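Below is one structure, written out as structure tokens; comments come after it.
Each value in this text was obtained by applying a stated rule to the coordinates, not by laboratory testing. Just so we're clear, the structure is a prediction, and the values are computed from it rather than from any experiment. Positions of Cβ are generated from backbone atoms using ideal geometry, with glycine treated the same way; all protein chains shown enter the neighbour counts.
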Amino acid sequence: MTVTRAAPTQPLRQVGDRALQSLGLLALLLALATLFALLADVFVDGWDRLSWGFLTGYPSRRAENAGILPALVGSVYVIGLTALIAVPLGIAAAVHLEEYARESRVSRIIEINIANLAGVPSIIYGLLGLGLFVRTMGMGRSVLAGAATLGLLVLPVVILSTREALRAVPKSLREGSYALGATKWQTTWHQVLPSAFPGILTGLILALSRAIGETAPLITIGALTYVPFVPDGVWSPFTVLPIQIFNWVSRPQAAFARNAAAGIIVLLLLLLAMNALAVFLRDRYQKRAA
Amino acid sequence: MSTDIRMAPLSDIVRPSDRGSGPAPTKIAVKGLDFHYGSKRALENISVDIPANLVTAFIGPSGCGKSTFLRTLNRMNDIIPGTRVKGQVLIDGHDIYRPGTDVVALRRRVGMVFQKSNPFPKSIFENVAYGLRVNGLARNRAHLQARVEESLKAAAIWDEVKDRLHESALALSGGQQQRLCIARALAIEPEILLMDEPASALDPIATQRIEELIYHLKATYTIVIVTHNMQQAARVSDQTAFFWLGRLVEFGPTDKIFTNPAEKLTEDYVTGRFG
């Protein structure tokens with residue numbers, strides 16, 4: 001009796017199951033199609049413009065002579081410095097919060113605020129950077145001021161993702177180390193951080209990928225839109241790829257629009273290269289650990 | 001099941017070992033130990049004298065506090081937030097819970113092997129060398145290698161791993177991993193070895209190898225083993241303590257606990273009537 005009554009509901013459940021599956025697939029296809037359309041558009045517009053001359057050239061009033069070198073070097077420079085600032089600070093903060101800080105009201109307030117900071121619009125960081133680094137600390141419109149601003153911007157993301165990676169390290173590993181008479185620091189340094197490293201690296205790449213596409217905070221602190229030279233130090237004025245692209249997009253001439261498309265391709269390739277490096281490092285590290 | 005358990009006075013329960021030659025000296029003396037996880041009391045007024053160079057087994061049903069008690073002996077519970085300890089644990093007469101105790105030094109003297117083998121994701125060699133390195137016990141490369149080899153031999157795993165010392169420890173079988181963890185614990189030459197159900201995840205053959213190992217190790221170490229396998233307790237231990245609901249019900253020579261226990265509750269448990 002129970003069986004016969006249950007039978008008619010079975011197909012219904014399966015229909016629901018299949019419907020949800022199709023819906024999920026549809027959502028995925030929609031997202032991929034949009035992305036593909038954007039990429040195709042950019043490649044159609046910009047592919048012809050890509051050349052060695054474009055990569056090594058300086059900005060010009062004539063679209064066909066304009067190159068992207070100062071912005072490319074500026075981006076690499078700024079992101080490198082951003083990583084130098086945000087990575088040690090972020091990992092150290094996460095280690096403190098996860099391994100050392102005791103459960104208390106203060107630590108909970110700090111945690112909530114870090115999570116909130118990760119969601120603050122980037123232009124706010126630009127204003128902070130303008131007030132703090134450019135004016136108060138007198139860094140001027142320099143590579144260093146830009147990197148410090150982006151460093152602050154990605155710091156909460158680095159902290160959050162590092163904590164997540166540290167939390168995923170099994171308790172048994174820590175206990176095994178403590179049981180052998182290792183100190184907290186030895187346990188953290190020799191066991192916990194190496195085990196968490198692949199996860200930390202993934203978080204870092206996500207954070208830096210966000211930073212490399214940022215335009216608003218850098219415009220706020222006064223990164224230039226026309227820079228006919230490669231930055232020669234941390235105090236040098238600079239521009240970055242997104243600002244150069246933004247500059248070209250806002251010109252009325254069609255030739256500049258093609259430059260912008262080519263610039264976007266360069267930015268995408270830089271991003272892909274960063275991700276590839278992260279995957280490579282992670283695989284190498286996991287192989288060594290296993 | 002009745003919760004009204006008549007507790008015998010401790011002096012009636014605790015007797016020196018009747019195995020070996022003469023009463024063994026006490027290595028660990030526990031006096032009136034209470035343990036809390038937050039507001040939940042896990043151990044209540046435990047007092048016991050654990051003899052040196054013998055194997056002492058803790059038995060009892062799941063959740064009876066035997067593992068918790070084992071972990072109070074090297075202060076492993078310290079790393080769990082919200083735990084509280086009252087009472088004394090004297091090792092060679094020194095209270096390990098006295099303020100100012102060096103917990104790191106304590107854990108060097110009181111080694112531990114866990115229920116689930118937990119080798120570090122490093123090479124076999126590095127697993128054993130780790131304790132020596134972090135404690136600064138290796139004088140030089142040759143000394144380190146000698147100590148690693150000695151420890152692997154003492155844990156009866158040397159022959160199986162000597163040709164692949166620099167391969168990952170995670171590639172070993174479960175039984176081998178557990179013996180590696182024992183080797184790792186032996187490398188820093190502790191005085192006491194705590195084992196938390198060391199064979200519960202192993203097959204009978206691997207279990208037998210661990211038990212043989214325990215038998216050989218007790219010449220050098222004071223061993224405390226938690227087990228939920230009563231046959232195992234009967235096979236490997238000289239003294240047995242039976243825990244129930246956070247209390248120590250009975251403690252005495254293993255043959256007496258298993259053949260002629262003083263407490264009805266102990267008898268019910270060892271004969272398999274509950275638990």
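A few notes on this one:
- For segment B:34-145, the Rg and Dmax computed from alpha carbons only, in angstrom: 16.5, 51
- Dimensions of segment A:21-169 from C-alpha coordinates, computed as largest minus smallest value along each principal axis and given longest first, are 61, 57, 26 Å.
- Counting charges near A:I264 (Lys, Arg +1; Asp, Glu -1) among other residues having Cβ under 11 Å from its Cβ returns a value of 0.
- Between segment B:249-273 and segment A:125-139, the Cα center-to-center distance that results, in Å: 75
- Helix-only arithmetic for chain A: the sum of -39500 (n - 2.57) across DSSP H runs with n ≥ 4, divided by the residue total, places the mean residue ellipticity at 222 nm at -23000 deg cm²/dmol.
- Segment A:91-207 - percent relative contact order, Cα under 8 Å, separation 6 or more: 30
- Largest mean-square fluctuation among A:R108, A:R141, A:R18, in a Gaussian network model of chain A whose springs join Cα atoms under 10 Å apart, belongs to A:R18.
- Taking B:G87, B:G60, B:G252 in turn, the Gaussian network model of chain B (Cα-Cα springs below 10 Å) assigns the largest fluctuation to B:G87.
- Long-range tail of P(r) for segment A:43-85 (Cα pairs > 12 Å, %): 64
- Most mobile listed residue (A:D45, A:D17, A:D232) in chain A, GNM with C-alpha springs under 10 Å: A:D17
- Residue among A:G199, B:Y221, B:A129 farthest towards the positive dipole end of the protein assembly as shown, charges placed on Cβ: A:G199
- log₁₀ of I(q)/I(0) at q = 0.13, 0.16, 0.19 Å⁻¹ - segment A:40-123, Debye sum with one point per alpha carbon: -0.69, -0.80, -0.94
- Computed as a quarter of the hull surface, the mean projected area of the alpha carbon convex hull for segment B:201-275 stands at 5.5 nm².
- Charge dipole magnitude, Cβ of K and R +1, D and E -1 - the protein assembly as shown, Cα centre, debye nearest 20: 780
- The distance from the alpha carbon centre of segment A:10-69 to that of segment B:112-128 is 47 Å, rounded to a whole number.
- Helical content of chain B, expressed as a calculated mean residue ellipticity at 222 nm, amounts to -9500 deg cm²/dmol (DSSP H runs of 4 or more residues, -39,500 (n - 2.57) each, divided by residue number, nearest 500).
- Both numbers refer to the Cα atoms of chain B; Rg and Dmax are 18.8, 61 Å.
- Amide hydrogen neighbours beyond the local backbone of B:G87, cut-off 5 Å, H modeled: B:D34
- Rg(Cα)/(2.2 N^0.38 Å) for segment A:194-241, N = residue count: 1.56
- Across segment B:82-89, coupling constants 3J(HN,Hα) worked out from phi with the 6.51/-1.76/1.60 Karplus curve, θ = phi - 60°, read x, 9, 9, 10, 10, x, 10, 10 Hz, and Gly and Pro carry x.
- Of the residues A:T56, A:N113, A:G80, the one whose Cα sits farthest toward the positive end of the charge dipole of segment A:1-148, with +1 on the Cβ of Lys and Arg and -1 on the Cβ of Asp and Glu, is A:N113.
- Using the Karplus relation 6.51 cos²θ - 1.76 cosθ + 1.60 with θ = phi - 60°, the per-residue 3J(HN,Hα) values for segment A:145-161 come to 4, x, 5, 5, 5, 5, x, 4, 4, 8, 3, x, 5, 4, 4, 4, 6 Hz, with x marking Gly and Pro.
- Remark: relative contact order (chain A) = 27 percent; criterion is Cα-Cα distance under 8 angstrom and separation of 6 or more residues.
- For B:A42, the residues whose modelled amide H falls within less than 5 Å of its own, excluding neighbours fewer than 5 places apart on the same chain, are B:F35, B:H36, B:Y37.
- For segment B:159-224, the gyration tensor built on C-alpha atoms gives an oblate shape. Its axis ratio a/c (a ≥ b ≥ c) is at least 1.5, and a/b is not larger than b/c.
- DSSP bridge orientation in the protein assembly as shown - percent antiparallel, rounded to nearest 5: 60
- Cα centroid separation, segment A:86-106 to segment A:177-235 (Å): 15
- Over 19 Å between alpha carbons, listed pairs A:K171/B:K122; A:K184/B:K86; B:K31/B:K66; A:K184/B:K218; A:K184/B:K40; B:K31/B:K116: A:K184/B:K86; A:K184/B:K218; A:K184/B:K40; B:K31/B:K116
- Net charge over other residues, Cβ less than 11 angstrom from the Cβ of A:A179 (K, R count +1; D, E count -1): +4
- A convex hull fitted around the alpha carbon atoms of segment A:157-234 yields 131 Å³ per residue.
- Cα shape, segment B:103-187, gyration tensor, a/c 1.5 rule: oblate
- The protein assembly as shown - Rg (one decimal) and Dmax (whole number), Cα, Å: 32.3, 102
- Rg to Rh quotient for segment A:145-185, alpha carbon positions, Kirkwood Rh: 1.26
- Rounded if a/c under 1.5, otherwise prolate or oblate - chain A, Cα gyration tensor axes: oblate
- Magnitude of the charge dipole, segment B:126-269, Cβ model with Lys/Arg +1 and Asp/Glu -1, debye to 20: 500
- Taking amide H positions as modeled 1.01 Å from N, with prolines and chain starts lacking one, the residues under 5 Å from B:A57 and 5 or more places away or on another chain are B:I225, B:D238, B:Q239, B:T240, B:A241.
- Using only side-chain charges placed at the Cβ, +1 for Lys and Arg and -1 for Asp and Glu, the dipole size of segment A:134-290 relative to its Cα centre rounds to 280 debye.
- Order of B:F274, B:F120, B:F242 - criterion: other Cβ atoms within 10 Å of each residue's Cβ, fewest first: B:F274, B:F120, B:F242
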